[in-house]
Each structure stands twice: as C-alpha cells, then as structure tokens.
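Down below is the structure, laid out as structure tokens.
The values are calculated or read from the model by the stated rules, or taken from the named source; none is laboratory data. Keep in mind the model is a prediction, meaning the values are calculated, not measured. Note: ideal-geometry Cβ built from the backbone for every residue, glycine included; neighbour counts use all protein chains shown.
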Amino acid sequence: MHVYKPSMIAYTAAIAVTAMTISGCGSSKPASTPQATSASGGSSSSSSVDSAAAKLVPASVKSKGTITIGMDASYPPMEFFKPGSNTIVGMDADLGKALGKVLKLKVVEKNVTFDSIIPGLQDGRYDMGISGFGDTKKREQVVDFVTYLSAGQSFYTKSDSTKKFNGIGSICGAKVAVENGTTEQANALAQSKKCTASGKPAVAVQQFATQTAANLAVSSGRADVGFSDSPPVDYTVQQSNGQFKVSGPSFGAVPFGIALPKGNGMAAATQAAMKDLIADGTYASILKKWNMTDSAITNPVVNGAIN
C-alpha cells in the first residue's frame, strides 16, 4: 500500500516513455531479468559485523546463499526501473539490498506483477516479497510479515478534474483505477457493495496488472480517479509535471510489511535484520534518500496487522 524526491530527475525521463504521460516504471514486463547485487542503499556499517540476524537465517535458506526478492517495478518510489536500464531502484530495492548484507545472503531482485508475489512465496519461487505490501489479517493467513513502514491510501486525479474525492465513501458512481492484488482494489470493490446497499451508484472499479497502467487510465480520462498507497501517489503527482493532483487527505494508515513464506523461520531473522538497520542508521538513510522519513517506524514487528 505505499514518495518522493532524490531520484526525481531519473524518474522524469521515464515519464516521457509512456505516451507523454506519467509512467510508473521503465517497463511493465512482469518478469524481467533478475538482478543480483550486494550493494546497500544506505549506511553499510552492519555489513562489517557478524550480525546475530544472520545466525537466525534457517538452514534451508542459508544453504542457498541467496534470497530472491519479488517486487513490482511499476511502483515508484518503492521500486521502479532506472530509466534506460533493467536496474530496479527505489526504497524497497535499497532496503532489500541492505537486508541481504545483514543476513549475509546474496540478493536477487526480480520484477514481477504485484498479484503474483504472494503465490510465488507460497510455491517457493521467492524468499521475500518487498513491494509496499499492506500487512493485513487476510494476507497473514498465507504469509508472514515483518513491518517496515506505516502509510495511508490516497486518491489522485487529472489536474483539471472538477471531481472531488475525499475518503472511501466519496467514490460511489466513480470510475476508479487500481492495481490488481492491492488493498485499494479490495477496498474499492467492498465500497461498491456499500454504495449499492445504500441506494447509491456502484463504483466502476477498473483493475490493472501494473500501477503504470492504472496511472495511464487516469491520465487518458478513462478513469475519474486513481487509488493507491500514499507514497506512490505523492511521488506520481510530484513527477507528473502538473498532470495530476492529490484529491483529499490520505486515510486508512496501515503497516507495510516484508512478506515471507509462512512459518519457514525467516520472520525472526528478518525482524532482527530490520532492527539492526534501524539501530545503525541505514534505515534512516534509505528513507531520507527517498524522502519517506514521515513513514518511518521504530519497532519492526512480526505480523503487525491492524485489521
């Protein structure tokens, strides 16, 4: 469910790629060439010590020597392609690399569609999912989470739109663009039922494989409003050269979580690694780089869903 500045120049170049409208990434291919890396997005002090977190990595993962991280690279500033390359950049990408250093594991980041990440964790294709996941009770039934951010949801429209959206109850009768598998998709569909139950028009929920496609639906006028996590909405608006505006305040803040295979032991190791990154300043450095300090947490927990 998921800002912001330092890679703005690079991202502005990506904007022009998609029909002179805002683009969520440099490519929307669901399975790009994996990239292996050991580089950290922030401070590297944790990489020079034999961390206790690394000792918690279960043998089944440690024996591989790598962790494969699934992420949807159409979701800036969380993860997106550096313009003109197949390199995934963004807050989540930097965090994944930093976690790999602490856990003493080589990181392979793979671009996949958002709605395929949890199934991929379940069938062993990925060892982690870091893609702005809202930690929810429903998702916790099939994966474990370690929290790493807190953020809300937001609406955005074309800048010349006269329609006002303020809170989930305001979308009855509207054409709303969402990405498949997101909390916003579920919330828009649930709100549509509430609308009709109260005698109001249903929500026309337009569902897309990537956030890039959802953005395009709004910019082309096919959708009245886009609905996504606050960080990518803020970033998209800032990078749109005046094409988009935020509509109404953010709402429904939830914890974001690093998704992990259910019960395989990686939750304890990942939680310990997150605590290391918070303690040594790496976490703060990554958030500052992506202008996301307002979304920081101080105590990562396992399965911290609110609802």
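Are any of the residues in the range 191-200 closer than 30 Å to I67 by Cβ, assigned to a helix (DSSP H, G or I), not assigned by TED's automatic domain parsing to the domain that holds V57 and not charged (D, E, K, R)?
Looking for residues that are closer than 30 Å to I67 by Cβ, assigned to a helix (DSSP H, G or I), not assigned by TED's automatic domain parsing to the domain that holds V57 and not charged (D, E, K, R), one finds none in the range 191-200, hence no.
S250 fails exactly one of the following numbered conditions: (1) buried (at least 19 other Cβ atoms within 10 Å of the Cβ); (2) in contact with a strand residue (DSSP E or B) (Cβ under 6 Å, 6 or more places away or on another chain). What is the number of that condition?
Only one criterion in (1) buried (at least 19 other Cβ atoms within 10 Å of the Cβ); (2) in contact with a strand residue (DSSP E or B) (Cβ under 6 Å, 6 or more places away or on another chain) is unmet by S250, namely (1).
Let's see how each residue does on (1) assigned by TED's automatic domain parsing to the domain that holds I278; (2) out of contact with any Ser or Thr (no Cβ under 8 Å at 6 or more places or on another chain):
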{"residue": "I118", "(1), (2)": "yes, yes"}
{"residue": "R125", "(1), (2)": "yes, no"}
{"residue": "S131", "(1), (2)": "yes, yes"}
{"residue": "K137", "(1), (2)": "yes, yes"}
{"residue": "E140", "(1), (2)": "yes, yes"}
{"residue": "V146", "(1), (2)": "yes, no"}
{"residue": "G167", "(1), (2)": "no, yes"}
{"residue": "G173", "(1), (2)": "no, yes"}
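Say whether the condition of being of a type outside the set (K, R), in contact with a Gly (Cβ under 6 Å, 6 or more places away or on another chain) and part of a strand (DSSP E or B) is met by at least one residue in the range 265-285.
No, because not a single residue in the range 265-285 is of a type outside the set (K, R), in contact with a Gly (Cβ under 6 Å, 6 or more places away or on another chain) and part of a strand (DSSP E or B).
Check P300 against each of (1) assigned by TED's automatic domain parsing to the domain that holds G124; (2) in contact with a helix residue (DSSP H, G or I) (Cβ under 9 Å, 6 or more places away or on another chain) and name the one condition it does not meet.
(1)
Search the range 163-201 for residues being over 28 Å from P119 (Cβ atoms) and of a type in the set (D, E, K, R), and hand back the single one that is surrounded by the most Cβ atoms within 10 Å (Cβ to Cβ).
Checked the range 163-201; the qualifying residue surrounded by the most Cβ atoms within 10 Å (Cβ to Cβ) is K175.
Checking the conditions here, which among V49, V89 is assigned by TED's automatic domain parsing to the domain that holds D123 and at pLDDT 95 or above?
V89
Give me the strands (runs of 3 or more DSSP E) completely within the range 66-141, filtered to those with at least 1 residues that are within 17 Å of the chain's Cα centre (by Cα) and charged (D, E, K, R), ordered by residue number.
79-81, 106-111
State which residue is farthest from V237 (Cα to Cα) when the search covers only the range 201-226 and only residues that are out of contact with any Leu (no Cβ under 7 Å at 6 or more places or on another chain) and assigned to a strand (DSSP E or B).
The qualifying residue farthest from V237 (Cα to Cα) is A204.
Scan F145, F133 and give me the residue that is under 21 Å from T210 (Cα atoms) and in contact with a strand residue (DSSP E or B) (Cβ under 9 Å, 6 or more places away or on another chain).
F133
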